[in-house]
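Below is one structure; the comments refer to it alone.
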Amino acid sequence: MPRLSGEQLRRYGRDGIVFPLTVLSAEEAASFRAALESVAAGCGLSAPRRFDGLHLFFDWAYRLATHAPLVDAVEDLLGPDILIDGTLVFYKHPRDASYASWHQDSVYSGWHLTPSTSAWVALTASHRANGCMRVIPGSHTEGLLEHDTVRDDPHLLNKRGERISRDVDESRAVDVVLRAGEMSLHQSNIIHGSQPNTSDEPRVGFIVRFVTDRVAPRDRPLLRVRGEADCSHLRLVGPPPAANQQAALAAWCEYSEHRHGGAP
């Protein structure tokens with residue numbers, strides 16, 4: 001598969017996002033989605049919306065997060081020393097009222113202080129009707145903006161309740177429409193969000209946060225993907241052990257309960 005072209009690199013710099021980029025076949029996307037569904041079923045989750053850190057426990061999630069065409073595109077943006085600072089799945093079920101308020105990833109992550117990018121890999125089609133990501137192109141150039149904290153909204157997907165304080169000109173918004181197997185790459189300061197799923201189909205996105213060795217020390221493990229830079233200031237982990245599915249499920253469920261203080 002091709003790496004990023006000069007035009008795609010220019011678009012990323014100008015808009016703060018580039019899409020669509022094909023990284024999986026439709027069959028591969030369906031296989032990864034089936035593996036995700038098995039995690040939900042194995043943990044007894046009826047309608048989960050969020051899955052954190054799957055790449056630390058499941059071989060399939062590790063393989064997806066480190067998939068060569070995906071990392072090749074990231075290398076074009078960040079250079080040869082690449083680490084994963086986390087993965088996240090957002091799962092919007094059919095007719096799901098959940099949404100993401102307008103926000104910047106940088107408000108809680110500090111990713112804007114170091115080379116970084118986020119890959120949003122579609123495991124199903126993602127379009128306006130089922131609540132695809134929406135962005136304000138070029139907003140990454142405005143720097144870190146002030147955010148409010150929204151409390152007690154059960155439909156809000158933003159983990160910390162973050163929402164940009166000022167009004168956002170939604171007439172500038174662009175829908176990040178993707179087919180299953182395609183991805184977008186976006187900058188941490190870009191203003192983005194999503195609307196509820198009004199369709200009869202799910203919307204599933206696997207998100208990978210990529211950084212370099214220049215990132216500040218974290219309170220969580222990072223996974224080296226490429227390069228040999230000095231990462232002694234970071235807590236690095238290797239690929240998930242070759243455990244059976246039940247052992248991986250048990251470990252991930254325990255991790256999720258500790259991380260979220262309740263059911264994953």
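The values are calculated or read from the model by the stated rules, or taken from the named source; none is laboratory data. The model shown is predicted, which means the values in this text are computed figures rather than measured ones. Methodologically, a virtual Cβ is constructed for each residue, glycine included, from the backbone with ideal geometry; neighbour enumeration extends over all protein chains shown. Side chains included, ligands, DNA and RNA excluded: accessible areas come from the protein's heavy atoms. Shrake-Rupley method; radii C 1.70, N 1.55, O 1.52, S 1.80 Å.
Structural remarks
- Identity of the residue in the stretch 142-163, open to solvent by less than 60 Å² (accessible area, probe 1.4 Å), over 19 Å from the mean Cα position of the chain (by Cα) and touching a residue at least 24 places away in the same chain (Cβ under 8 Å), that ends up nearest to Ala97 (Cα to Cα): Val150
- Sub-7 Å Cβ pairs linking a first residue in the stretch 69-80 that is over 13 Å from Val208 (Cβ atoms) to a second residue that is part of a loop (DSSP other than H, G, I, E, B), at least 6 apart or interchain, are Asp72/Arg3; Asp76/Arg3; Asp76/Leu4; Gly79/Thr212; Pro80/Gly227, ordered by first then second residue.
- For Leu145, the criteria (1) modelled with pLDDT of 95 or more; (2) farther than 19 Å from Ile207 by Cα; (3) part of a loop (DSSP other than H, G, I, E, B) hold in every case but one, which is (1).
- Check on Val71, within 16 Å of Trp120 (Cα to Cα) and outside any helix (DSSP H, G or I): no
- Annotation note: Cβ proximity below 8 Å between a residue of the stretch 99-110 that is modelled with pLDDT of 80 or more and a residue that is assigned to a strand (DSSP E or B) and open to solvent by 40 Å² or more (accessible area, probe 1.4 Å) (sequence gap 6+ or interchain) occurs for Ser101/Arg163; Trp102/Arg163; His103/Arg163.
- Pairs where the first residue, in the stretch 42-65, is buried (at least 19 other Cβ atoms within 10 Å of the Cβ) and the second is of a type in the set (Ser, Thr, Tyr) and in a helix (DSSP H, G or I), C-beta under 6 Å, 6+ apart: His55/Tyr62
- You will find that of Ser25, Ser46, the residue that is among the hydroxyl-bearing types (Ser, Thr, Tyr) and modelled with pLDDT under 95 is Ser46 and no other.
- Counted as qualifying within the stretch 77-127 are the strands (runs of 3 or more DSSP E) with 1 or more residues that are among the charged types (D, E, K, R) and within 13 Å of the chain's Cα centre (by Cα), namely 82-92.
- Applying the set (1) surrounded by fewer than 21 Cβ atoms within 10 Å (Cβ to Cβ); (2) of a type in the set (A, V, I, L, M); (3) within 23 Å of Gly193 (Cβ to Cβ) to Ala34 leaves exactly one unmet item: (3).
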